[in-house]
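Worksheet: one structure, shown below.
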Amino acid sequence: MHTVLLMADVPPQTLPARSMMAFTLASHIILVPLGVALPLITLIMHGYGLRRDDPTALLLARRWSAVMAVQFAIGVVTGTVLSFEFGLLWPGMMGRWGDVFGIGFGVEAWAFFLEAVLVAIYLYGWRRLPSRTHFLLGLPLPLAALLGAFGILAANSWMNTPRGFTLDSAGNPVDVKIWKAVFTPMFGPQYWHFVVAMFVTAGYVVAGVYAVGWLRGRRDRYHRLGFTIPFTLAAVFTPVQFMLGDSIARQVFHKQPVKFAAMEIVWKTDTHQPEYLFGRLHPDGSISGGIRIPQLDSILAGFRPDTKVTGLTSVPASDRPTATQATIAHWAFDTMVGIGSLLALLALWYAAVWLLRRRMPASPWFFRCAAVAGLASVVAVECGWITTEVGRQPWIVYQNMRVAEAVTATRSTSLWIMFGLVVVVYVFVFGSFLAVLLKMRSRWRLADATGEPETAQETPETDTPYGPRSAGSRR
């Protein structure tokens, strides 16, 4: 009965608006790890090449910079769509909370323009600037990428723990305090958890490309170096991410207890709460399926089995996720933790072989695991955002505004049509992205096989970095 009443209060626009936002966000976040972390990975390779006077490392850095530029261009499209959707789909939130919520987006916009300029300079600088000058001009790139993440995470953490304002008699925010609005209780845990996730994911994605090459018999120094540096970076950050993940879960337990209850499908407030690995929560509070581990949830939350864990029924049904939403958040959370645990084992395997034998693992099974680690990391990132967003329901601004209050008044039919058009556009955009990457790969393989430099028409990857330019590439 409560479910029927809740469904009656939800505007028909909510489902298409949510679906469109979820699709565009899930699509955009595929590109985010490369956008945030590839500049750092590229500059590490670039610095290694300059320090060792290694043309192979410089060639890899140069090619990765071209991928970085293409990814940035595609990210511009998908990120811009998301920005417009906030105003088009959720005018209630932007109209009331824009003065507070928009601070993070303002920071992200400045970071975006700065990063665009720096990417252009770095890409143009190959063969046109002195090697040291070119490298130094690239150093701000990772900082600009981190600044962009700062803005987005400031906005999202504010939605989870809104601070920095007071409400007037009409319920509108006034007296906005910028620092409190940006540095909310969830900002630090969310930001570092997200940033390290980007480093881990990008490292495994890039290394996975060269792991596939290794499995196909390409075991030259080019593929070995292309694998080692990004994989080592990801392996180093993997245990760090594991600790940060534990920290943010504990912060959610303290700051958003109802969300934590959804993540762990805890129905009634009590001590000695069991941990469920997967499992499905039903509207009556019963749980089916999954693996039940007695008392573990209380131990994980407070290091003691008598730790009291808040349940979903501690608040009215209208103020908490539904059983289905809680199950989705729980499955996403468990999937993310499971993938993180497997990646930690892979990093441990790599570290053990390296420390004991001073070389990379030679087992094909290691490289098979490394080849899929990138995809698994992307899935984990997607699951992290699902946990964050679905676990917060029904609030779009936690305990201040519901999703139903923020959604647009545009007819649901029109929203579904817009959603269909967005899907078509995104299929074309990502198809073009993949086609460009495959074309670049084919051209580079041909150049490697023939030993000839790429032609001038295929800049910026002409010849080798910092050497005499061929006659055909002079302008």
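Around the amide H of M401, modelled in the peptide plane, lie the amide H atoms of I396, all under 5 Å away and 5 or more residues distant in sequence or on another chain. Computed from phi, the 3J(HN,Hα) profile of the stretch 239-245 under the Karplus parametrisation 6.51, -1.76, 1.60 (θ = phi - 60°) reads x, 4, 5, 4, 5, 5, x Hz, with x in place of Gly and Pro.
The dipole here belongs to the chain: it is taken about the Cα centre, uses +1 on the Cβ of Lys and Arg and -1 on the Cβ of Asp and Glu, and is about 1520 debye.
Mean separation of Cα pairs under 8 Å and 6 or more residues apart, divided by the residue count, gives the stretch 134-275 a relative contact order of 20 percent. Qualifying chymotrypsin sites (Phe, Trp or Tyr not before Pro) in the stretch 331-406, where qualification requires a DSSP coil assignment and no more than 11 other C-beta atoms within 10 Å, are lacking entirely. Report which label in (1) 135; (2) 164; (3) 182 holds the value of volume of the Cα convex hull per residue in Å³ derived from the coordinates of this structure. Here volume of the Cα convex hull per residue in Å³ agrees with entry (2).
Among the lysines of the chain, pairs at least eight places apart or on separate chains and with Cα atoms under 25 Å apart come to 8. In the stretch 170-276, the portion of solvent-accessible area held by carbon and sulfur atoms comes to 64 percent [1.4 Å probe, whole percent, DNA, RNA and ligands not counted]. Oblate is the label for the stretch 349-449. Its Cα gyration tensor axes, ordered a ≥ b ≥ c, give a/c of at least 1.5 and b/c at or above a/b.
Taking trypsin sites (Lys or Arg not before Pro) across the stretch 271-378, the ones in a DSSP loop with at most 11 further Cβ atoms lying within 10 angstrom of their Cβ are R358, R359. Overall, the stretch 267-390 carries a charge dipole of about 660 debye about its Cα centre when +1 sits on the Cβ of Lys and Arg and -1 on the Cβ of Asp and Glu, all other atoms neutral. Relative to the longest principal axis of the Cα atoms of the chain, the long axis of helix 187-215 makes an angle of roughly 40 degrees.
Sorting the segments 229-240, 252-263 by their mean number of nearby beta carbons within 10 angstrom, highest to lowest, gives 252-263, 229-240. From most to least packed by mean Cβ count within 10 Å, the peptides 437-448, 89-100 give 89-100, 437-448. Working from Cα pairs under 8 Å separated by at least six residues, relative contact order for the chain is 19 percent.
With respect to the chain, whose longest principal axis is taken over its alpha-carbon atoms, helix 91-125 is tilted by about 10°. Across the stretch 349-356, coupling constants 3J(HN,Hα) worked out from phi with the 6.51/-1.76/1.60 Karplus curve, θ = phi - 60°, read 4, 4, 5, 5, 5, 5, 6, 7 Hz, and Gly and Pro carry x. For the stretch 182-265, what's the relative contact order in percent, using C-alpha pairs closer than 8 Å and at least 6 residues apart? Reported as a whole number, the value is 38 percent. For the chain, the solvent-accessible area with a 1.4 angstrom probe is 47 square angstrom per residue.
The values are calculated or read from the model by the stated rules, or taken from the named source; none is laboratory data. In this text the structure is predicted, and so the values were computed from the model without any measurement. We place every Cβ from the backbone using ideal geometry, glycine too, and count neighbours over all the protein chains shown. Just so you know, the surface numbers come from the protein's heavy atoms only, side chains and all, with ligands and any DNA or RNA stripped out. Shrake-Rupley method; radii C 1.70, N 1.55, O 1.52, S 1.80 Å.
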